[in-house]
Amino acid sequence: MSNQARWSVLQSYNLLKWHRDAHRAAVKALESGGSLSVVIRRIEETLYSKK
């Protein structure tokens, strides 16, 4: 595996770890059949509610 691939995997892992709640909100919105705008809204609501 190249260094770039390792870096990409690490960054993906960290983003999911740091934004676990937003990821869960996106998954729930997708599972319930939400449109892309609904998914984005759920992510934003989750991220902004943490501040």
Just wondering, is there one or more residues in the range 20-34 that are assigned to a helix (DSSP H, G or I), out of contact with any strand residue (DSSP E or B) (no Cβ under 8 Å at 6 or more places or on another chain) and modelled with pLDDT under 95?
no
Just one listed residue, out of Arg20, Arg41, Arg6, is charged (D, E, K, R) and surrounded by 12 or more Cβ atoms within 10 Å (Cβ to Cβ), and it is Arg41
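The values are calculated or read from the model by the stated rules, or taken from the named source; none is laboratory data. Model, not experiment: these values are computed from the prediction. No Cβ is skipped: glycine too gets one built from the backbone with ideal geometry, and neighbour counts run over all protein chains shown.
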